[in-house]
Amino acid sequence: ALSFLNDASLKSRDLMTWVGELYFERHRGTYTSQAATKKGNRTSEFLLRDAEWLSCFMPEYPKSYPQADLEAAWKLVLLNQFHDIIPGSSVREVYEDAARDYAIVAKAGESIVDNCLKEIGGRFDTSSMECPYALFQNAAMSTEGSIDWTEPNVPTSILIDGEAMPVQLVEDMGRRRL
C-alpha cells in the first residue's frame, strides 16, 4: 500500500488533503444494508427511554428505580452502535449477535414498562367505570394512536384531562381498534 501511495503522490499534482477530524458537517444519518439492526437500535432507544420515564413515576422512586437492569440494557444498545454495525459493514455473525442483543433489550425494557404501567395504573380508582382503560402518552406534542378493542360495547369518547375526546372503532383485517 505504501508504494502505491508514494507512486500516486508522485504522479498527481492536485490530490486533495484533509487535516483534522473526519466529520462531515452535513451528515444527517446512516444508510444501511442491515435494516433490521437499525430498526432494533431505534426501537430499543425508544423502549428504554419509556422504561426510564415510567420508572420515575413509580411510588417508591428513586428507591425502586431499576438502574442495574436499565444500565445492562443500555450497554447492549450502545455496544451495537459501534461504527461498523449500524451502517452494515460488519460480518454476518455480528448481526446475529445484534439480533440476540436487541431481543434481550426488548425483554428487559418491556418487563420494566409493563411493571410500571401495572403499578401506576393499579392505583387509579376505577370502581365507578364500566370498562376502564389508562392511556399513557410521553410525547410533548399531539399524536395519534390506537388500542386494540375486544369489548362488545364501544365508547364514543374518552376523557382526557377532563375533556371528552371523540373516538371511533376501526375494523380492519380482522382487528378492532379504537
Based on this model, can you work out whether Glu130 counts as open to solvent by 100 Å² or more (accessible area, probe 1.4 Å), more than 28 Å from Glu52 (Cα to Cα), in a strand (DSSP E or B) and at pLDDT below 95?
no
Can you tell me which residues in region 25-51 are modelled with pLDDT under 90 and more than 17 Å from Ser89 (Cβ to Cβ)?
Glu25, Arg26, Arg28
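Only one residue in Ala98, Ala51 is within 28 Å of Arg123 (Cα to Cα), hydrophobic (A, V, I, L, M, F, W, C), in contact (Cβ under 8 Å) with a residue 60 or more places away in the chain and open to solvent by less than 70 Å² (accessible area, probe 1.4 Å), so which one is that? If you could, list the steps in order and put the result at the bottom.
On the way: Ala98 fails: within 28 Å of Arg123 (Cα to Cα).
Exactly one of Ala98, Ala51 is within 28 Å of Arg123 (Cα to Cα), hydrophobic (A, V, I, L, M, F, W, C), in contact (Cβ under 8 Å) with a residue 60 or more places away in the chain and open to solvent by less than 70 Å² (accessible area, probe 1.4 Å), namely Ala51.
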Mind checking which pairs have a first residue in region 22-47 that is closer than 19 Å to Leu79 by Cα and a second that is at pLDDT below 70 and surrounded by 10 or more Cβ atoms within 10 Å (Cβ to Cβ), Cβ under 9 Å, 6 or more apart or different chains?
Lys38/Thr30
Which of the residues spanning region 70-92 are modelled with pLDDT of 95 or more and open to solvent by 70 Å² or more (accessible area, probe 1.4 Å)?
Glu71, Lys75, Leu78, Leu79
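Residues are listed down the side, and each one gets a yes or a no for (1) loosely packed, with under 15 Cβ neighbours inside 10 Å; (2) over 26 Å from the mean Cα position of the chain (by Cα):
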| position | (1), (2) |
| --- | --- |
| Asp14 | yes, yes |
| Trp18 | yes, yes |
| Glu25 | yes, no |
| Thr32 | no, no |
| Ala35 | yes, no |
| Met58 | no, no |
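The values are calculated or read from the model by the stated rules, or taken from the named source; none is laboratory data. Quick caveat: nothing in here was measured; it's all calculated off a predicted structure. Because the Cβ atoms are built from the backbone with ideal geometry, glycine has one as well, and the counts that use them run over all protein chains shown. All accessible areas refer to the heavy atoms of the entire protein, side chains included, with ligands and DNA or RNA removed. Shrake-Rupley method; radii C 1.70, N 1.55, O 1.52, S 1.80 Å.
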